[in-house]
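Novice: I have a structure here, written as structure tokens, and I will follow up with some questions on it.
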Amino acid sequence: MINSRKFAQSSAPGPKRVLPGMVVKPGPPGLGPFDSVRPLQARLGNQAMGRLLQSGILMRKIGIGHAADSMAPSVQRELRRRPPGREQEPPALSPEQIQDAIVYNNGRYSETHTRIIQDIVGTPQTGRFDENTIHAIVEWQADFRMTDMDGMVGMRTLRTIVLEMMRGGYSRGRIVWMIVDGHNMPTTGLASLTYDPALAGSNASTSGPIPGDSTVVIGPDAFAQGYEGLVHTIRHELEHVQQRRSGMANQNLREFLAEGIEIMSVGMHWEGLAGFMDDAGRCLQFWDRLSTAEQQANWGRFTEIRTRVQQRFDRARAADQTTHQAVIDDFNARNRP
Ligand SMILES: [Zn+2]
């Protein structure tokens, strides 16, 4: 889908946009970031050059994607997983399908986020989903070899867009909100949700009166987990917002239930096995701190969670099962209170 157009404009002064959402780091004085590749561009043409850039090889050479450099290795690894390139051309959507995609996307993304998606997929930033934008999303989906080339920015497409935002230097606070929007996460009772680069010692924190509106802060450790972990952390904190708003005073119960949200992973990508089992261990730890009355009231939820942990465990490789055997044994040792 590469936008030779944007690439061709990249000789304008100031921070330069080459691919949607990407900002080029200014090079040393007297040497533009593209000076070293311009002869190649002239030989290959814009489109082939765009593909090369898309492959990530040249980008690292000329310093694009510097936002990634300050990130945790797990995130950097993900960012290097460039779009594999299309294997098949996307279908031409019918007017009805285009309309469905517009309705779907409008149901999720604010005007600001619509503009960002348009920036990333390379269409004019109107802030409104229109036919043009839907076509560009379909092209994007084809480049990432998605099976659903439907123009809808669902979980899988969002993932690629957010990774592109990270690479392109969008602020982390904006990225957090993009994830909230794209997953339709609950936001009632939210006083504020921000990124704080100074938050240390935990992925995130939620504070405020109970009952009442909460302030959520997401920190660098949340981002260091990689995309899925970040999504789970945000969802976990927003669960706390709902709990606090409704007056749930017991922190152990709040944590048991919020870990449960991560384990059930409804409407989110699954975390890796290590992160998942970590959640499971913590979930059980908080369960054990509940009173008998609270355990009785939440036994149904406990068994749902345990079933999910067991399913995931059963599907793991033998070596991973050995690693996590203690957690599953612990879960199975709990009896109805
Ligand atoms: Zn929590």
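Novice: Taking the criterion of being within 12 Å of the ligand (Cβ to nearest atom) and either surrounded by 15 or more Cβ atoms within 10 Å (Cβ to Cβ) or closer than 27 Å to Arg108 by Cβ (or both), would at least one residue in the stretch 265-281 satisfy it?
Specialist: Yes; the residues of the stretch 265-281 include at least one that is within 12 Å of the ligand (Cβ to nearest atom) and either surrounded by 15 or more Cβ atoms within 10 Å (Cβ to Cβ) or closer than 27 Å to Arg108 by Cβ (or both).
Novice: Just the residues that are hydrophobic (A, V, I, L, M, F, W, C) and within 17 Å of the chain's Cα centre (by Cα), please, taken from the stretch 213-262.
Specialist: Hits for the stretch 213-262 are Val217, Ile218, Ala222, Phe223, Ala224, Leu230, Val231, Ile234, Leu238, Ile261.
Novice: For the stretch 147-171, enumerate the residues that are buried (at least 19 other Cβ atoms within 10 Å of the Cβ) and either in a loop (DSSP other than H, G, I, E, B) or not assigned by TED's automatic domain parsing to the domain that holds Thr114 (or both).
Specialist: Result: Met149, Asp150, Gly151, Met152, Val153, Gly168, Tyr170.
Novice: Can you run down the residue pairs with Cβ atoms below 6 Å, 6 or more apart or on separate chains, where the first is in the stretch 81-110 and at pLDDT below 95 and the partner is outside any loop (DSSP other than H, G, I, E, B)?
Specialist: Cβ pairs passing all conditions: Pro83/Asp143; Arg86/Ala142; Arg86/Asp143; Pro90/Val138; Pro90/Ala142.
Novice: Moving on. Is there a residue being closer than 28 Å to Met248 by Cβ, in contact with a Phe, Trp or Tyr (Cβ under 6 Å, 6 or more places away or on another chain) and not polar (S, T, N, Q) anywhere in the stretch 292-299? Steps first, please.
Specialist: Kept after step one, since they are closer than 28 Å to Met248 by Cβ, are these residues of the stretch 292-299: 292-299.
Right, trim to in contact with a Phe, Trp or Tyr (Cβ under 6 Å, 6 or more places away or on another chain) and you get none.
The answer is no, given that none of the residues of the stretch 292-299 is closer than 28 Å to Met248 by Cβ, in contact with a Phe, Trp or Tyr (Cβ under 6 Å, 6 or more places away or on another chain) and not polar (S, T, N, Q).
Novice: Residue by residue through the stretch 197-210, note down the ones that are assigned to a loop (DSSP other than H, G, I, E, B) and within 23 Å of Asp279 (Cα to Cα).
Specialist: Within the stretch 197-210, Leu199, Ala200, Gly201, Ser202, Asn203 qualify.
Novice: Now for a separate question. Look at the stretch 165-209 and say how many of its residues are within 16 Å of the ligand (Cβ to nearest atom) and not β-branched (Val, Ile, Thr).
Specialist: The qualifying residues number 13.
Novice: Which one is surrounded by the fewest Cβ atoms within 10 Å (Cβ to Cβ) among residues in the stretch 210-260 that are away from the ligand (no atom under 12 Å from the Cβ) and of a type in the set (Ser, Thr, Tyr)?
Specialist: In this case the residue turns out to be Ser246.
Novice: Next question, about the same structure. What are the pairs, 6+ residues apart or on separate chains, where a residue within the stretch 194-215 that is more than 20 Å from Ser171 (Cβ to Cβ) has its Cβ under 7 Å from a residue that is part of a loop (DSSP other than H, G, I, E, B) and away from the ligand (no atom under 16 Å from the Cβ)?
Specialist: Ile210/Gly247; Pro211/Gly247
Novice: Considering the stretch 82-99 alone, what residues qualify as being surrounded by 17 or more Cβ atoms within 10 Å (Cβ to Cβ) and more than 26 Å from the chain's Cα centre (by Cα)?
Specialist: Leu93
The values are calculated or read from the model by the stated rules, or taken from the named source; none is laboratory data. Since the structure is predicted, the reported quantities are computational estimates derived from the model, not experimental observations. Positions of Cβ are backbone-derived with ideal geometry, glycine not excepted, and every protein chain shown enters the neighbour counts.
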